[in-house]
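Right, one structure below, let's go through it.
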Amino acid sequence: VYVSSTGVYGDTRGRIDNRTPAAPSDDTGRRRLAAEDSRRSAGATVVRAPGIYGPGRGLHRSLQTGAYRLPGDGSGIISRIHVDDLASVLLAALDADVAGRTYVVGDLCAVPQREVVEWLCERLGRELPPSMPLEHAPRTLRGSRAVDPSDSLSELGVTLRYPSYREGFAACLDAEESSVNSSANQYRER
């Protein structure tokens, strides 16, 4: 199984799924697409994932460090997937007889970036971060597309543990808090 990126859709906007043709708009996207073709011709299954997050990694960490800037007005639709759900998809693809296939995955709740940022800021007790001009944002945050993974998940028999950012980021924050508390308790015991 080769893990690729929804970046192969380049500047495509709107809903994307397994039937959406790749349309890379930069060298990185073209190289990813070439790598997919190479792996697929060797019998691999390709899984195209959007932004991957989990404990210690993702938007919540950027907000906690103060590094995050809202791209434009934050209205761009962004898809993401929790690392544990991606692992479930990859294991299902390894177990299935799907060599040479391509699957688009993500959670079931593609929403405007601002919605996720506001939700996280409320839970983290932080102010909404400042915005940056959209043209200065990383390319991955400039678009507006919603991954529809329903066909992929159905075919692979995967039920997401974190179907939206709410469950996923809540689990991340809980895991990180538990880790901090565990470390603090170990320190006190010394």
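The values are calculated or read from the model by the stated rules, or taken from the named source; none is laboratory data. Source: prediction; values computed, not measured. Using ideal geometry, Cβ is built from the backbone for each residue, glycine included, and neighbour counts are taken over all protein chains shown. The accessibility values were calculated without ligands, DNA or RNA, using every heavy atom of the protein model including side chains. Shrake-Rupley method; radii C 1.70, N 1.55, O 1.52, S 1.80 Å.
Contact order normalised by length for the chain, with contacts defined as Cα pairs under 8 Å and 6 or more residues apart; what percent is it?
On the way: 308 pairs, mean separation 54.4, N = 190.
29 percent.
What is the sum of charges around R61, taking Lys and Arg as +1, Asp and Glu as -1, for the other residues whose C-beta is under 15 Å from the C-beta of R61?
Working: positive: R57, R69, R80, R123, R126; negative: D174, E176, E177.
Net of charged neighbours comes to +2.
Based on Cβ point charges of +1 for Lys and Arg and -1 for Asp and Glu, what charge dipole magnitude is obtained for the stretch 60-117 about its Cα centre, in debye rounded to the nearest 20?
Numbers: 5 positive and 7 negative charges, 65 e Å.
It works out to roughly 320 debye.
DSSP loop (so not H, G, I, E, B), at most 14 other Cβ within 10 Å: list which GluC sites (Glu not before Pro) in the stretch 51-153 pass both filters.
Of the GluC sites (Glu not before Pro), the ones in loops of the stretch 51-153 whose Cβ has at most 14 other Cβ atoms within 10 Å are E127.
Could you state the angle between the C-alpha long axis of helix 165-189 and the longest principal axis of the C-alpha atoms of the chain, as a value from 0 to 90 degrees rounded to the nearest 10?
In the chain, helix 165-189 runs at an angle near 50 degrees to the longest axis.
Quick one: what are the phi-derived ³J(HN,Hα) couplings along the stretch 103-116, Karplus 6.51/-1.76/1.60 with θ = phi - 60°, whole Hz, x for glycine and proline?
Taking θ as phi minus 60°, the curve returns 10, 9, 10, x, 7, 9, 9, 6, 9, x, 3, 4, 4, 5 Hz for the stretch 103-116.
In a Gaussian network model over the chain where Cα atoms closer than 10 Å are linked, find which of G125, G76, G100 has the largest mean-square fluctuation.
G125
For E122, what charge total do you get from the other residues with a beta carbon under 12 Å from its beta carbon, if Lys and Arg give +1 and Asp and Glu give -1? Before the final figure, lay out the partial values.
Working: positive: R123, R126, R166; negative: E115, E118, E127.
Residues close to E122 contribute a combined charge of 0.
Obtain the nm distance between the two label points defined at E122 and Q64 by a simple spin-label model: each point lies 7 Å from its Cα along the Cα-to-C-beta direction.
According to this spin-label approximation, the distance is 2.0 nm.
Starting from the amide H of I16, placed 1.01 Å from N in the peptide plane, find each other amide H under 5 Å away whose residue is 5 or more places distant or on another chain.
Amide H neighbours of I16, under 5 Å, 5+ apart: A146, V147, D148.
Which shape class applies to the stretch 91-131: rounded if a/c is under 1.5, otherwise prolate when a/b exceeds b/c and oblate if not, where a ≥ b ≥ c are the square roots of the Cα gyration tensor eigenvalues? Provide the component values of the computation, followed by the final result.
Details: a/c = 4.83, a/b = 3.28, b/c = 1.47.
In terms of gyration-tensor shape, prolate.
Two-decimal Rg/Rh of the stretch 1-123 from alpha-carbon positions, Kirkwood Rh? Write down the numbers at each step before the final one.
Working: Rg = 15.6 Å, Rh = 15.6 Å.
Radius of gyration relative to Kirkwood radius: 1.00.
Mind checking which of A22, A110, A34 has the largest fluctuation in a GNM of the chain, springs on alpha carbons under 10 Å?
A34
What residues qualify as long-range amide H neighbours of Y103, i.e. H under 5 Å apart, gap of 5 or more or another chain, H built at 1.01 Å from N?
Those qualifying (amide H under 5 Å, at least 5 residues apart or on another chain) are V46, V47, R48.
Over the stretch 117-161, average the accessible area per residue using a 1.4 Å probe and give it in Å², no decimals.
Values: 2750 Å² over 45 residues.
With all protein chains present, the stretch 117-161 gives 61 Å² per residue.
On a 0 to 90° scale, report how tilted helix 27-41 is relative to the longest principal axis of the chain, with both axes built from alpha carbons and the result rounded to the nearest 10.
The answer is roughly 60 degrees.
How much of the accessible area of the chain, probe 1.4 Å, is carbon plus sulfur, in whole percent? If you can, show how the numbers build up before the last one.
Details: 4760 of 9940 Å².
That share works out to 48 percent.
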